[in-house]
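Notes follow the structure.
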Amino acid sequence: MEELDEKMEEQEKLRYAEFKRKLNLEAAQGQISKLEYNLTDATTDKNSLRRACQEAARLNIGALCVLPNHVKPCVGYLGRDPQVSLIACISFPHGGDSTKIKVAAVKQAVKDGVDEAEVSAPISYIKDGNWGYVKREFKKVKKAGKNRAVRINVESSLLTPQELNKVCTIAADCGIPSLRTHSGYFGGGFDGEVVSRMKAAVKDKCTIKADGISNISDMDIAVDMGAGIIGSKCALDLAQLILNAVN
């Protein structure tokens with residue numbers, strides 16, 4: 001009888017350990033699903049895209065962010081019923097294209113099979129204080145996305161705090177569902193205060209994508225500051241590190 005009790009106790013311990021492991025794995029997968037892999041370098045070739053799609057699918061990260069001309073190949077690489085979203089980065093990174101060109105690019109990306117379009121805000125018009133133009137552009141690109149979500153990329157390192165607050169508020173008022181912080185293209189690393197500032201401006205109207213994340217520590221800070229999405233050129237490595245931590 002005593003041996004039976006000990007055996008049952010051991011089984012309970014094993015069940016608890018497995019339950020705990022599953023909880024940790026679920027939490028890890030939740031973190032990984034926030035990751036978006038940035039593949040917006042002009043030198044990215046098709047072999048790199050293919051490998052990235054395969055690894056992203058294996059690790060089950062949230063999304064791949066690519067240039068518009070890479071949407072079609074990635075749709076093929078990800079296959080039918082993909083678990084990884086595909087995002088086209090339009091007018092990246094400075095938003096210097098005309099609204100007409102951005103609208104056409106969003107429509108083409110949707111036609112090519114993208115899940116979401118990420119359109120760079122018109123920095124020069126923001127610096128000029130031409131908020132009417134900014135608002136009209138946001139509304140037009142959102143409409144061009146039809147049933148696809150349209151995100152606005154805000155190169156926050158180029159803006160004053162007042163300009164950043166204003167552009168975030170306008171985007172939220174236009175019904176834009178999410179905003180991306182600066183990509184680091186113009187220098188500077190991840191800044192948690194920027195994430196916090198953007199989150200405060202939009203409250204719960206938009207999801208904030210913190211970009212330029214290169215390590216787990218910054219990822220944790222970004223989430224604590226209010227980011228719901230994590231953009232990184234190291235997304236695959238970060239995903240693997242998260243999985244290794246629970247195995």
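Compute the helix-to-body angle for 161-173: its Cα long axis versus the longest principal axis of the chain, expressed 0 to 90° and rounded to tens.
80
How much space per residue, in cubic angstrom, does the convex hull of the C-alpha atoms of region 90-206 take up?
93
If I model a spin label as a point 7 Å beyond the Cα along the Cα-Cβ vector, how far apart are those points for Leu241 and Glu26 in nm?
Distance between the two pseudo-spin positions: 2.6 nm.
Calculate the spin-label point distance for His94 paired with Ser217, positioning each point 7 Å from the Cα along the beta-carbon direction, and give it in nanometres.
Distance between the two pseudo-spin positions: 3.4 nm.
Going Cα to Cα from Lys139, which aspartates and glutamates come in below 17 Å? Please leave out same-chain ones fewer than 8 positions away.
Straight-line reach from Lys139, under 17 Å: Asp97, Glu116, Glu118, Asp173.
With all protein chains present, how much of the accessible area of the chain (probe radius 1.4 Å) comes from carbon and sulfur, to the nearest whole percent?
Here carbon and sulfur together make up 50 percent of the probe-accessible area.
Which listed residue (Thr181, Ala27, Tyr133) has the Cα farthest towards the positive end of the charge dipole for the chain, taking +1 on Lys and Arg C-beta and -1 on Asp and Glu C-beta about the Cα centre?
Tyr133
Which of the residue pairs Lys142/Lys166; Lys34/Lys100; Lys143/Lys199; Lys135/Lys233; Lys102/Lys143; Lys34/Lys127 have a Cα-Cα distance greater than 22 Å in the structure shown?
Lys34/Lys100; Lys143/Lys199; Lys135/Lys233; Lys34/Lys127
State to the nearest 20 debye the size of the charge dipole of the chain about its Cα centre, where the only charges are +1 on K and R beta carbons and -1 on D and E beta carbons.
1800
Subtracting the Cα-Cα distance from 0.36 nm times the residue separation, let me have the gained length for Gln54 to Arg80 in nm, one decimal.
Working it through step by step, the gained length comes to 8.1 nm.
What whole-number value in Å² describes the accessible area per residue of region 166-247 for a 1.4 Å probe?
43
Trypsin sites (Lys or Arg not before Pro), restricted to region 143-247: which are DSSP loop and have at most 11 other Cβ atoms within 10 Å?
Passing sites in region 143-247 are Lys146, Lys203.
Could you tell me which residue out of Ala109, Asn60, Tyr77 lies farthest along the dipole of the chain toward its positive end? Charges go on the beta carbon: Lys and Arg +1, Asp and Glu -1, centred on the Cα centre.
Ala109
With a 1.4 Å probe and every protein chain left in place, work out the accessible area per residue of region 59-117 in Å², rounded to a whole number.
Accessible area per residue, region 59-117: 44 Å².
What translational D, rounded to a whole number of µm²/s, comes out for the chain from Stokes-Einstein when the hydrodynamic radius is the Kirkwood one over Cα pairs, at 20 °C and 1.002 mPa s?
Answer from the Stokes-Einstein relation: 112 µm²/s.
The values are calculated or read from the model by the stated rules, or taken from the named source; none is laboratory data. Just so it is clear, the structure is predicted and the values come from calculations on it, not from any experiment. As a convention, Cβ positions derive from the backbone with ideal geometry for all residues, glycine included, and neighbour counts pool all protein chains shown. Note: areas computed on protein heavy atoms with side chains; ligands, DNA, RNA excluded. Shrake-Rupley method; radii C 1.70, N 1.55, O 1.52, S 1.80 Å.
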